[in-house]
1. Can you find even one residue in region 125-138 that is open to solvent by 60 Å² or more (accessible area, probe 1.4 Å) and either in a loop (DSSP other than H, G, I, E, B) or in contact (Cβ under 8 Å) with a residue 40 or more places away in the chain (or both)?
2. Considering only residues that are part of a loop (DSSP other than H, G, I, E, B), open to solvent by 40 Å² or more (accessible area, probe 1.4 Å) and at pLDDT 95 or above, which ones fall in region 140-155?
3. Return the residue satisfying two criteria in turn: it lies in region 115-124 and is open to solvent by 50 Å² or more (accessible area, probe 1.4 Å) and over 20 Å from the mean Cα position of the chain (by Cα), and of such residues it is nearest to Lys94 (Cα to Cα).
4. Please enumerate the residues belonging to region 156-179 that are farther than 23 Å from Ala208 by Cβ and outside any loop (DSSP other than H, G, I, E, B).
5. Could you go through region 194-205 and let me know if any residue there is outside any helix (DSSP H, G or I) and open to solvent by less than 40 Å² (accessible area, probe 1.4 Å).
6. Please work out which residue is least open to solvent (accessible area, probe 1.4 Å), limiting yourself to region 208-242 and to residues that are touching a strand residue (DSSP E or B) at 6+ places or on another chain (Cβ under 8 Å) and assigned to a helix (DSSP H, G or I).
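The values are calculated or read from the model by the stated rules, or taken from the named source; none is laboratory data. The structure presented is a predicted model; accordingly, all values stated were derived computationally and were not measured. Heads up, the Cβs are rebuilt from the backbone with ideal geometry, glycines too, and the neighbour counts pull from every protein chain shown. Just so you know, the surface numbers come from the protein's heavy atoms only, side chains and all, with ligands and any DNA or RNA stripped out. Shrake-Rupley method; radii C 1.70, N 1.55, O 1.52, S 1.80 Å.
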Amino acid sequence: MFSLNKIYHTQLLFKKLKYSPINYSATYAKLTPKLTLIKRNLFLPNIQNSSPPFINKTTILPNRLKLPLTSFFLQRRHRAEFAPRRTKYRKAHKGRVPVRIGGSTKGNTIAFGSFGLRVKDGVRLSSAQLTAAHTVIKRKIKVIKGSQVWMRVFPDIPVTSKGNETRMGKGKGSFEYYACRVPMNKILFEIGGGNIRREVAKEALRLATDRLPVKTEFVDKETELKQKKIEKETETNKIIHT
């Protein structure tokens, strides 16, 4: 443990040092129902002729405030779940799952891997559901060297909730979890690399479907390409005969 008197009288190591290495300009805590946003600006005084105190546990600050360094790494509920690092707004409108009436097919085909999992209905998936499905897939294919998992959606929409039988008014509810809106026929997960076999990929994605509240289908990139070729040939034949 260092005191300021010891810091002032230590040898000169960094002449151009304006601040000590302990420089937490802004420490943020994730917004949860019980944990509010925390912002702290902590600077030690300008000490040009002082050595940086490399401290393990605590530091005595000028106002005689003992501050453990571990307090800056604040714990958060659901830390293992997918969540954005920062959002522009703390809360968002409920919104609706998009229905593609214009014929858009964005994200409906496999782009990175060899096998995929496609959603058959529009649904809103929470970060807990996506995290559970992702961990199951990784656990299943981690034995295969070089195998990879791609998640094509990400939960970045904050969802709020209020208690049952609460009176109207008094603002929007508190933050509960992050979610994402997934339209129909969109690819959720992709598996590839390591010459992974079809049977292993199908089993891994089957385990993922058990964690999701929506109907899905297994997609093979090679079979889809063959089907597209057949459809194109049939269309050209129709045009030729007509």
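1. no
2. Scanning region 140-155 gives Arg152, Phe154.
3. The first filter runs over region 115-124 and keeps only residues open to solvent by 50 Å² or more (accessible area, probe 1.4 Å), leaving 120-121, 124.
If we keep only those that are over 20 Å from the mean Cα position of the chain (by Cα) too, we end up with 120-121.
Values: Lys120: 22, Asp121: 19 Å.
Among those that are open to solvent by 50 Å² or more (accessible area, probe 1.4 Å) and over 20 Å from the mean Cα position of the chain (by Cα), it is Asp121.
4. The first filter runs over region 156-179 and keeps only residues farther than 23 Å from Ala208 by Cβ, leaving 158, 160-176.
Of everything in region 156-179, those that are farther than 23 Å from Ala208 by Cβ and outside any loop (DSSP other than H, G, I, E, B) turn out to be Pro158, Thr160, Ser161, Ser174, Phe175, Glu176.
5. Looking through region 194-205, at least one residue is outside any helix (DSSP H, G or I) and open to solvent by less than 40 Å² (accessible area, probe 1.4 Å).
6. As a first pass, look at region 208-242 and keep what is touching a strand residue (DSSP E or B) at 6+ places or on another chain (Cβ under 8 Å): 208-209, 212-221.
Still in the list and also assigned to a helix (DSSP H, G or I): 208-209, 221.
Working: Ala208: 0, Thr209: 33, Lys221: 74 Å².
Checking each candidate, the answer is Ala208.
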